[in-house]
Amino acid sequence: MYTLHTDLYDFNCNYFGTMNDITNPESLNDKGVVIVACCDHFKVPNSEYVSSPRQFFTIQNLANSIPASNDPKFDSTLGSIEYALALMNVNNIVVCGHLDCKIIRHWSNRSRDVSGNNEVTKFKENACAAVKRLYPHATEHEKINLRIREHLLTQIKNLQSHSFVMSRLEEGSLKIHGWLVDDQSDHIYSYNPSRSLFGFIDGAPL
Ligand SMILES: [Zn+2]
């Protein structure tokens, strides 16, 4: 079990949804779900996977990344999220990582890229730096698991930096979910901001 430091994030628990928001046919009037997942995740949760009556709009990119509002690079992921919120009747966003992420492992083994604004540099400056600073005694195996978690939380933080997302969160018409999937068991672990850990939907924390 990994209980994460809360130093880096100041998440409002009210902005986070529960699995009931997605699976309960009564809860949110059949509105859709946007899920931002990793492109080497071959079994991304969808409406069949979680037995949901809602339509899932899947966006896949390198390590389920979402640029922050101060990131000047054009990003189709952000454009897709904005489109879904504005025009596709969506009121849940899932940022979905996975435990066997080869991209996170690949980025972890690369040296810092000096060319500037790219995914490796951002990963090194955020998730890698956070794990190095906050978990100095972790083993290499633990560090990979921690980077996967910290990277996912960084993407949630980035998502909340956009005014078109924050306005919907503040009015209560949008919920965020942080999911981590075990590729072997297919179990989904959901981020619990009040406990700062990823908890198995039906049982023990991961
Ligand atoms: Zn991956």
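The values are calculated or read from the model by the stated rules, or taken from the named source; none is laboratory data. Keep in mind that what you see is a predicted model, and the values were worked out from it rather than measured. FYI the Cβ positions are ideal-geometry reconstructions off the backbone, even for glycines, and counts take in every protein chain you see.
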- Task: Determine whether the range 141-159 contains at least one residue that is surrounded by fewer than 20 Cβ atoms within 10 Å (Cβ to Cβ), in contact (Cβ under 8 Å) with a residue 40 or more places away in the chain and away from the ligand (no atom under 16 Å from the Cβ).
- Result: yes
Sole miss for Ile59 among (1) within 16 Å of the ligand (Cβ to nearest atom); (2) in a strand (DSSP E or B); (3) out of contact with any helix residue (DSSP H, G or I) (no Cβ under 6 Å at 6 or more places or on another chain); (4) among the β-branched types (Val, Ile, Thr) is condition (3)
Going through the range 32-83 in order, the residues found to be acidic (Asp, Glu) and at pLDDT 95 or above are Asp40
Quick check on the range 62-78. Is at least one of its residues aliphatic (A, V, I, L, M), surrounded by 16 or more Cβ atoms within 10 Å (Cβ to Cβ), in a loop (DSSP other than H, G, I, E, B) and more than 16 Å from the ligand (Cβ to nearest atom)? yes
Here, helices (runs of 4 or more DSSP H) confined to the range 112-206 with at least 1 residues that are at pLDDT 95 or above are 140-159, 163-171
If we ask which residues in the range 80-94 are among the small types (Gly, Ala, Ser) and either under 17 Å from the mean Cα position of the chain (by Cα) or closer than 10 Å to Gly32 by Cβ (or both), their number turns out to be 2
For Ala84, indicate whether it is closer than 26 Å to Lys31 by Cβ, crowded, with 16+ Cβ neighbours inside 10 Å and away from the ligand (no atom under 16 Å from the Cβ).
-> yes
* Asked: Would you call Lys43 in contact (Cβ under 8 Å) with a residue 60 or more places away in the chain, within 12 Å of the ligand (Cβ to nearest atom) and more than 22 Å from Ala127 (Cβ to Cβ)?
  -> yes
